[in-house]
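Below you'll find the structure, written out as structure tokens, and then a few comments.
The values are calculated or read from the model by the stated rules, or taken from the named source; none is laboratory data. Being a predicted model, the structure only gives us computed values, none of them experimental. Because the Cβ atoms are built from the backbone with ideal geometry, glycine has one as well, and the counts that use them run over all protein chains shown. Note: accessible area is taken over every heavy atom of the protein model, side chains too, but ligands, DNA and RNA are not part of it. Shrake-Rupley method; radii C 1.70, N 1.55, O 1.52, S 1.80 Å.
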Amino acid sequence: MNLPEIIKNSEAYVAERFPVEKMSYSAMVVKKEVPVHRLSWAYYMGGLALFFFGVQMVTGLLLLFYYQPTVSDAHASVEFITDHVPGGSLVRNMHAWASSMMIAAVMVHLLTAFAMKAFAKPREITWVTGVVLLGITFGLGFTGYLLPWHQVAVNATKIGLQSVQEVGQYLPGAMAEWPRIVKETIQGEAAVGQATLSRFFALHVIILPLAMMATLGLHLLSVQLHGMSRGIDGPPKRQEKFFPTFFIKDLTVWGFAFIILFVIALCVPFESLYSYPLFEPFNPKGSTPDGIKPEWYFYFLYYPLELLPFWVILVGSTVLGAVLMGTPWIFQNTSRRTLQILAVLAALYLFVMTVFGEQIYHMFKG
Amino acid sequence: MNSKASNPRDAGTPRPGKELAEQFLNFPSVPLCLCGLLVFLLSSPSALAYPEFQAFVAKSSGRTVNCAMCHANSDGPEGTGPGQIGHLNAAELERLGRARSALQPGQNVDSPILNAFGNHIIKSIGKEKFVELKVSPAHLADLLPPDSDLDQDGIPDVREYLDGTLPINHNDGNPLLLFRHNFRANLVAIALTLAATVCGVWGLGHLLHGLAAASRIKDTED
Amino acid sequence: MVDAFFFVGLPYLAIVICVAGCIWRSRYDRFSMSARSSQFLEDGKLLFGSLPWHVGIITILLGHLIVAVVPRVWSSLMTIPAVLFGVEALGVACSLLAIAGLSALIVRRITDARVQAVTTTMDLVVVVLLMAQIVVGLLSAITFRYGAAWSAGTVVPYFWGILTLQPEMAYVTGFPMLFKLHFIGAWVLIALVPFTRLMHVLAVPLGYIFRAPQLVLWNNPRRSRHAVDATVRAESRRDFIKGAVGIAGASGLLALGVSEKVLTYFKGPDPDPEAESALLQKKLERLQQTAEERQLELERQRVEMILVARYSELDAVKGKYFIDYAMAPGLAFKGKNGLPLLISAKCTHLGCTVGSQVNAEGQIMCPCHVSYFNIVTGQPNPGAPAKLPLPHLAWALVDPSGNVVASGRPGGEVEGTPSPELLAQCSLYITKPRHSA
């Protein structure tokens, strides 16, 4: 193949993924239709994640007015928000609860999109940007966890970053040092400290949200360009208009989500789910309290990490990442039935590890 | 649990000696040793923590618990940190002495090494009874006043003691009980928010319907 | 005498005229009991006049009615500043809306030839009177604020006195002129009801809100297409109205409930002096703690030896924590040979701080992932998550006169063998690791 041909082919490839003739209000909004069938509920998951992202933006900006990203003041400023600022406890709890809900919505969205084969041609870009969004969401969760600078935050971050360094032992020669260098670049100094806090703050507040918005733009554009994937094998019961019928239903779902989030955030402080010593200010000279754990959405990775040799997890997560990125090409000839079974298995694994992870851990470790 | 009760902080360089240490560099000085001795004298006879209660609560509730449930410092009373014996000034030491002599219930206790809940315990049952309870920490729950709720979060202190949650933090407690209490307390706000959300979603929905119909009319006219 | 006429005579006159006139009209001229529709004469400006006018005036009249019916409930509601403010704001907004709508209707009525043809003199009188009445009401509401709160105690008893035939005009005779005008206008309008299109108020067309739109259209084949369009348009118009009402309701609730809270959120708390000093105290302590850490760091940069403990404080089974030269925790024990044993307490697995209690096997435990480390060798137990041993640290024993009497290196080499008597007086230091490179 010569150069002009390569250019021509890639041009055709991009043109098929981003058809210019469809980039109009009438094609993307007025004419778009949504299939109605037994799996239609899955079409709301992406919108729900988007809604929670919006909540995170608003509450996050509100928190910025009071939060102070220094090791001496971070914890005190968070306490100040919860205990003294009028409405601060609601804002902070909404931020904490909505982050969990957003990640739950994103996970379900990923699994249902997989089960419905929503990644099939020409929607590869939608899927790949979605996987990138998943990564950014987890990154936001990880960086945000450190910011209150309490015992569990700093210690869990230490553990998380240390596992980056652990990779070094499997690399040959001079490369063995690379993961340590990467780790120290991320944390900015030899141990988790002020430099780490500043970096995580910048990541959490500016860099990752900007990356999120850019990727989200691409994701939503391709969703609107190609319309909803049909999702099932047979013909759908009927089609409904995206605008306004489906969009109004989407809004109603958001309304429900908001009320649930509001009531929970108002009535259940997020920290009441954990033991109180974990939320004391980080004390670098004291011993680490029991029960240091990452947030629940990392359990699926954390408990296997505790139980199995590190290299198993390393290989496993590398393969998982590669499979997620390559899904549109790996599974392009797989039937929806097989995909659904795979998705159910994955959902089962996530559910069991998240809910019963601790029991499983104690079962094997005594 | 014992490892938690110990205090790593008092083992570091004694604070007053640090500037001196800078002056004398690698030359240990007599004043420095004296300072260390002073800290030692202040802190060593204070081994009066009661880890029995902590162990009981941690075991019965399944939650991680530390000294901060009753003490001012989460590493307990020993040491030189804030709220620890090595950190007290003369007035606070006097308060400590008075609190330690409150053997009978009903005295106004304001010990600088205890938090509000710790003081509440000593005030309610007296020091003598409290020391007796070391052998059966579960009975503390029967002796404390059942209605007292120091943090006003709707969960009585006794219940919080058994649950292993902090009785002086209204954000800490059994999530279900907290939900019940806060839901009742915020019913008006919740009802108004519900009304606003329903109103807004209903209005937006109709507005979008109208917009769609209007743009259809425009299309047919064109 | 004038007051007696306007506030006792006129009201009864108006009520009698109104009741008798309405009965007469319903008996003898039944089909005129409505406002004659002119929608098919002119349909464009009507929407922008009629809708705001009716929304505004109905809201305001409902407000007047509720105060009169449940004055106690109303005034207890008005004790909440936010509600009082919201109600006042709503009232002013609605009268502005009504004035705008009525103005549009007046312009339409006097400029459109077709509507002119069906306009009676009485229509014009009513329109002008209504306009005057609303403007006077709005002015008095703005000049004498919070009428929503105080009217329940003055105007309402006066009104009920009239209705129960025990008129007590003392309630209102002291009012400013503007209010008196508003009262007089009200009674005049009531007297006019049977003779004008105001009569349609009595129909209370609640059903209109819920039934499908009914349109007055020319019906012939040429215009059938127009009829379909008009129906769709009417439906979308209804959607717009519902949308506006819903969003207005939501924003009203938000304005009442949230705007104040958003303001106070940004303004920040207003703590009492005691809480404020407690807060400052806490912040100061945290700052001191950070300063201490910085100082420790600096010390470790500059100083060659750092005090850990006095030798007599060391114990074989209970370690003493200290901060080593890498700013990581370390533990000091008394070894089997009586000499100090210093070991890093930073777990080689994931960096948690290892516990200080030595168990029967001579091991210390990391609580995070349960690795046991032998304190003599530093090695973790087989199968532990940690794979690397805890490193030992260099130390020196210094006698009271400042001489180093013994020192140990991580490899285990020890220089000097002090006597037990001397040992007891010594202090334990960690020494700066030498970089061989």
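Evaluated with a Cβ-only charge set (Lys, Arg +1; Asp, Glu -1), the protein assembly as shown carries a dipole of roughly 3880 debye about its Cα centre, given to the nearest 20. Can you tell which of C:Ile23, C:Ile162, C:Ala149 lies farthest toward the positive end of the dipole of region C:2-205, using +1 and -1 charges on the Cβ of basic and acidic side chains (Lys, Arg; Asp, Glu)? Of the candidates, C:Ile23 comes out farthest on the positive side. Rounded to the nearest whole Hz, the Karplus-based 3J(HN,Hα) values (6.51 cos²θ - 1.76 cosθ + 1.60, θ = phi - 60°) of region A:260-268 follow the sequence 4, 4, 4, 5, 5, 5, 6, 9, 10, with x at glycine and proline.
The H on the amide N of C:Ala406, modeled in the peptide plane, is under 5 Å from the matching H of C:Leu397, each at least 5 residues off or on a different chain. The lysines whose alpha-carbon is closer than 26 Å to the alpha-carbon of A:Lys32, local same-chain residues fewer than 8 away aside, are A:Lys22, A:Lys117, A:Lys121, A:Lys237, A:Lys241, A:Lys249, B:Lys218, C:Lys242. Have a look at A:Leu220, A:Gly231, A:Gln194 and report the one farthest towards the positive end of the charge dipole of region A:163-244, computed about the Cα centre with Cβ charges (Lys/Arg +1, Asp/Glu -1). Of the candidates, A:Gly231 comes out farthest on the positive side. List the residues of region C:230-256 that lose 20 Å² or more of accessible area once all protein chains are present, compared with their chain alone (1.4 Å probe, heavy atoms only, no ligands or nucleic acids). So the qualifying set is C:Val232, C:Arg233, C:Ser236, C:Asp239, C:Phe240, C:Lys242, C:Gly243, C:Gly246, C:Ile247, C:Ala250, C:Leu253. Measuring r between the beta carbons of B:Leu143 and C:Ala244 and using R0 = 51 Å, the FRET efficiency lands at 0.20. Put simply, chains A and B cover up around 2900 Å² of each other's accessible surface, both sides summed, when a 1.4 Å probe is used. The phi-based Karplus calculation (6.51 cos²θ - 1.76 cosθ + 1.60; θ = phi - 60°) puts the 3J(HN,Hα) values of region A:83-94 at 9, 10, 5, x, x, x, 5, 5, 4, 5, 5, 5 Hz, whole numbers, x for Gly and Pro. The listed residues A:Lys117, C:Lys334 rank as C:Lys334, A:Lys117 when sorted by accessible area, largest first, using a 1.4 Å probe. Across the protein chains, with a 1.4 Å probe defining accessible surface, the residues A:Tyr361, B:Tyr161, A:Tyr349 rank A:Tyr349, A:Tyr361, B:Tyr161 from largest area downward. Note on B:Leu93 and A:Tyr25: their simple-model spin labels are 8.1 nm apart, each label 7 Å out from Cα toward Cβ. The mean number of partner chain beta-carbon atoms within 10 angstrom of a residue's beta-carbon across peptide A:154-165 is 3. In order along region A:164-173, phi translates into HN-Hα couplings of 5, 5, 4, 4, x, 5, 9, 9, x, x Hz, rounded to whole numbers, per the Karplus curve 6.51 cos²θ - 1.76 cosθ + 1.60 with θ = phi - 60° and x for Gly and Pro. Is region C:2-205 rounded, prolate or oblate when judged by the Cα gyration tensor, a ≥ b ≥ c being the square roots of its eigenvalues, rounded requiring a/c under 1.5 and prolate requiring a/b larger than b/c? Judged from the Cα gyration tensor, region C:2-205 comes out oblate (a/c at least 1.5, b/c at or above a/b). Against the longest alpha carbon principal axis of chain A, how many degrees, from 0 to 90 and to the nearest 10, is the axis of helix A:336-365 turned? Helix A:336-365 sits roughly 10 degrees off the main axis of chain A.
Membrane-span-like helices in chain C, defined here as complete DSSP H runs extending at least 30 Å along the helix axis by their C-alpha atoms with mean Kyte-Doolittle hydropathy no lower than 1.0, are C:44-69, C:81-111, C:121-143; this is a sequence and geometry rule, not a statement about a membrane.
For the pair A:Ile206 and C:Thr120, label points projected 7 Å from Cα toward Cβ lie 7.4 nm apart. Using a cutoff of 8 angstrom between alpha carbon atoms and counting only pairs six or more residues apart, the relative contact order for region C:299-431 works out to 23 percent. The portion of the accessible surface of region C:299-431 made up by carbon and sulfur, rounded to a whole percent, is 55 (1.4 Å probe; DNA, RNA and ligands excluded). Backbone N atoms of region C:359-378 closer than 16 Å to the 7 Å Cα→Cβ label point of C:Asp315 belong to residues C:359-360, C:362-365. Each helix, a run of at least 4 DSSP H residues, gives -39500 (n - 2.57); summed and divided by the residues of chain C, these come to -17500 deg cm²/dmol at 222 nm. Among all the lysines, which ones have a C-alpha under 29 Å from B:Lys123's C-alpha, if same-chain residues fewer than 8 places away are not counted? Reachable lysines: B:Lys4, B:Lys59, B:Lys134, C:Lys282.
Taken over region A:68-147, the convex hull of the Cα atoms encloses 90 Å³ per residue.
Per-residue SASA remark: A:Lys32, around 10 Å² accessible (1.4 Å probe; ligands, DNA and RNA not included).
Per-residue shielding of A:255-268, expressed as the average number of other chain Cβ atoms within 10 Å of the residue Cβ, stands at 5.
In the complete set of protein chains, residue-level accessible area for A:Met45 is approximately 40 Å², probe 1.4 angstrom.
Keeping every protein chain in place, order C:Arg409, C:Arg109, B:Arg216, C:Arg310 by accessible area at 1.4 Å, biggest value first, i.e. largest first.
B:Arg216, C:Arg409, C:Arg310, C:Arg109
Could you work out how far apart the two model spin labels at B:Ser215 and B:Val188 are, taking each label as a point 7 Å from the Cα in the direction of the beta carbon, and quote it in nm? Going from the B:Ser215 label point to the B:Val188 one covers 4.3 nm. Shape index of the protein assembly as shown: Rg/Rh, with Rg the Cα radius of gyration and Rh the Kirkwood radius from the inverse mean 1/r over Cα pairs, equals 1.09. Measuring with a 1.4 angstrom probe and ignoring ligands and nucleic acids, A:Lys249 comes out at about 80 Å² accessible.
Accessible surface buried by the B/C pair amounts to about 3300 Å², both sides summed, 1.4 Å probe.
Label zone (A:Phe310, point 7 Å along Cα-to-C-beta; backbone nitrogen cut-off 20 Å) within region C:302-344: C:328-329, C:344. Between C:Leu339 and any residue 5 or more places off or on another chain, the built amide H atoms are never under 5 Å apart. Ranking C:Phe183, C:Ala275, C:Gly378 by Cα position along the charge dipole of chain C, where only Lys, Arg, Asp and Glu carry charges on their C-beta atoms, puts C:Phe183 farthest toward the positive end. Rounded to the nearest 20 debye, the dipole magnitude of region C:84-223 is 620 debye, with +1 charges on Lys and Arg beta carbons, -1 on Asp and Glu beta carbons, and the Cα centre as origin.
On the basis of the beta-carbon distance and an R0 of 45 Å, C:Val2 and C:Glu42 show a calculated FRET efficiency of 0.55. The dipole here belongs to chain C: it is taken about the Cα centre, uses +1 on the Cβ of Lys and Arg and -1 on the Cβ of Asp and Glu, and is about 2140 debye. In chain A, helical runs assigned H by DSSP with n ≥ 4 each contribute -39500 (n - 2.57); averaged across all residues and rounded to the nearest 500, the mean residue ellipticity at 222 nm is -21500 deg cm²/dmol.
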